[in-house]
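Presented below is the structure to which this report refers.
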Amino acid sequence: MTRKVFTKLLGLFALLLIFHTAVMELVFRQMLPAGPVDTFHRLTREALWSGLIALAAALPVAAWVAFGITGRLRQVVEFAHRIAAGDLTARLRTEDDELSSMEAALNQTAEQLGQSFAEIEDRRQELATMLNSMQEAVVAVTTEGQVRWSNSVMQRIAGTQIRVGRSLVHSVRDPDLLACVKGALETGEVMSGRSSSLKPGRIFEINAAPLPSGGAIAVLHDVTRVEAAERSRRDFIANVSHELRTPLTSIQGYVETLIEAPMASPETAREFLSVIQKNARRMSRLTEDLLALAGVESPDYKLTRQPMRANALVADALESLGGLIVDSGVELESAGAPNDLVQVDPDAMNQVFGNLIENALKYGGTGQKIRVGAKKMDTDVEFFVQDFGPGIASEHLDRIFERFYRVDKARSRESGGTGLGLAIVAQIVRAHGGRIWAESELGSGATFWFALPVVSSAASLDTASKAASA
């Protein structure tokens, strides 16, 4: 660049020299029209030599000017390359000359570009953070079906297969998701669907929409819990209807028989009324258990907790619930309990022990003994109610705390069970921050365990003082 500028300046000086010589010759011809030829030629040579001297003097000046201009222009070119490469911190050094206004304008442009890109990057980071914090899985694809972007939820669902630049078809093998994305790309309309094979055990609602800049975006909403809740609601209604249908049918039949046979013998009438009373009591127990279950499952369910010793909790349960087995011939004995503190609602715990002992009496009473106790573990106290009856098969242990689930349906109805007692117990224990489970072997009885966290004496006193002040 320096050579080019210098050559141009040198050519300009040469042209000026030639023009200067021609003008001087013309002037001399006008000034000395009759003068001697030697004088004219001498003046012409002097003019030519003066021009050559001036040219020789101008060469260093031209070189200096050329180097200065080209140095500044080279800085501008380097500045432009740095900006093009993404270095928006590049700035030109300005001087007080003709190029300073251009350099200042370029610096101002670079600064504005830097601010604009910083704002764009901030917004991009905010958008990425927002999308990553969503519970829904999101994936965007190009018009060719390649992954443009995906949030952390989608990456967790699809695993390491989904990567930017890779085809969605090769990243996700779910036909429902691929069909929705393909439909959005081809039709330019919002497509909806449902997927149950993207991740085992999960159900997703899919919404795919075209993007204004091309491509499409798909949002997957996990509706597994909603589906489970809806299925649980339907099962609950069906179970309640089924549980109520049998006693209602029985009551209706016996009442109609009594109405149609008013002259029935007192013994027959007493027998019919006894059956009606039995079914009415069963309906009453079912209603009470439904209300109790609804209460403990409600978000408004509150516990009035206080610190209690584990051994005192077991002793109170044995004392208050001893009346359940008075005429049963079953012995209720204590298996001992530690002296550690647990934070419990006494009334709720009395209901837990009552339901477990009643359950053991109904289904394990043939063992003639029920043991109640507790054991100290690392951070928990594990309470248990053990019977020595026929036991429970292993395939029932995982579902035994579900609503209306019965191991032996015929025997349960015969004993007056509603199928809700253990579900109520499980909800109360979980409300205390504990866990519950059952252990059993056929022919060796069954043991129902629930664990509650141990609390320190200082924490218990602090909780008690807060409760008293409230």
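The values are calculated or read from the model by the stated rules, or taken from the named source; none is laboratory data. All of these numbers come straight from a predicted model, not from anything done at the bench. Cβ atoms come from the backbone with ideal geometry, glycine included; neighbour counts cover every protein chain shown. Just the protein is used for accessible areas: all its heavy atoms, side chains included, with ligands, DNA and RNA removed. Shrake-Rupley method; radii C 1.70, N 1.55, O 1.52, S 1.80 Å.
So which residues in the stretch 166-191 are open to solvent by 50 Å² or more (accessible area, probe 1.4 Å), among the charged types (D, E, K, R) and assigned to a loop (DSSP other than H, G, I, E, B), if there are any at all?
Of everything in the stretch 166-191, those that are open to solvent by 50 Å² or more (accessible area, probe 1.4 Å), among the charged types (D, E, K, R) and assigned to a loop (DSSP other than H, G, I, E, B) turn out to be Arg166, Arg173, Glu189.
Report whether or not Lys302 is open to solvent by 90 Å² or more (accessible area, probe 1.4 Å) and closer than 27 Å to Gln252 by Cα.
no
Looking at Lys369 and the list (1) open to solvent by 30 Å² or more (accessible area, probe 1.4 Å); (2) of a type outside the set (A, V, I, L, M); (3) out of contact with any Asp or Glu (no Cβ under 9 Å at 6 or more places or on another chain); (4) under 18 Å from Gly443 (Cα atoms), which single condition is not satisfied?
Single failed check for Lys369: (3).
Identify, by number, the condition in (1) open to solvent by less than 70 Å² (accessible area, probe 1.4 Å); (2) of a type in the set (A, V, I, L, M, F, W, C); (3) modelled with pLDDT of 80 or more that Phe236 doesn't meet.
That leaves (3) as the condition not met.
Residue by residue, here is whether (1) farther than 30 Å from Leu73 by Cα; (2) open to solvent by 60 Å² or more (accessible area, probe 1.4 Å); (3) at pLDDT below 85; (4) not in a helix (DSSP H, G or I) holds:
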| residue | (1), (2), (3), (4) |
| --- | --- |
| Ser101 | no, yes, yes, no |
| Asn107 | no, no, yes, no |
| Asn132 | yes, yes, yes, no |
| Ile157 | yes, no, yes, no |
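Show the residue pairs meeting these rules: Cβ distance below 6 Å; 6+ apart or different chains; first residue within the stretch 222-235 and under 15 Å from Arg194 (Cβ atoms); second residue surrounded by 11 or more Cβ atoms within 10 Å (Cβ to Cβ) and β-branched (Val, Ile, Thr).
Val223/Ile203; Thr224/Ile203; Glu227/Ile203
Kindly indicate whether Leu321 is open to solvent by less than 70 Å² (accessible area, probe 1.4 Å), under 45 Å from the mean Cα position of the chain (by Cα) and closer than 24 Å to Gln427 by Cβ. Can you show your working first?
Numbers: open to solvent by less than 70 Å² (accessible area, probe 1.4 Å): yes; under 45 Å from the mean Cα position of the chain (by Cα): no; closer than 24 Å to Gln427 by Cβ: yes.
Against the criterion (open to solvent by less than 70 Å² (accessible area, probe 1.4 Å), under 45 Å from the mean Cα position of the chain (by Cα) and closer than 24 Å to Gln427 by Cβ), Leu321 does not qualify.
From the list Arg194, Arg163, which one is surrounded by fewer than 16 Cβ atoms within 10 Å (Cβ to Cβ), free of Cβ contacts under 8 Å to residues at least 60 places away in the same chain and in a strand (DSSP E or B)?
Only one candidate qualifies: Arg194.
So that you can scan it fast, the table gives a plain yes or no per residue for (1) open to solvent by 60 Å² or more (accessible area, probe 1.4 Å); (2) closer than 21 Å to Val296 by Cα:
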{"position": "Asp316", "(1), (2)": "yes, no"}
{"position": "Ala348", "(1), (2)": "no, yes"}
{"position": "Met377", "(1), (2)": "yes, no"}
{"position": "Phe388", "(1), (2)": "yes, no"}
{"position": "Glu402", "(1), (2)": "yes, yes"}
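List the residue pairs whose Cβ atoms are under 6 Å apart, where the first residue sits in the stretch 263-284 and is touching a residue at least 24 places away in the same chain (Cβ under 8 Å), the second is open to solvent by 50 Å² or more (accessible area, probe 1.4 Å) and hydroxyl-bearing (Ser, Thr, Tyr), and the two are 6 or more positions apart or on different chains.
From the stretch 263-284, the pairs are Val275/Tyr254; Ile276/Tyr254.
What single numbered condition from (1) farther than 21 Å from Ala431 by Cα; (2) in contact with a strand residue (DSSP E or B) (Cβ under 7 Å, 6 or more places away or on another chain); (3) open to solvent by 40 Å² or more (accessible area, probe 1.4 Å) fails to hold for Gly329?
The single condition Gly329 does not satisfy is (2).
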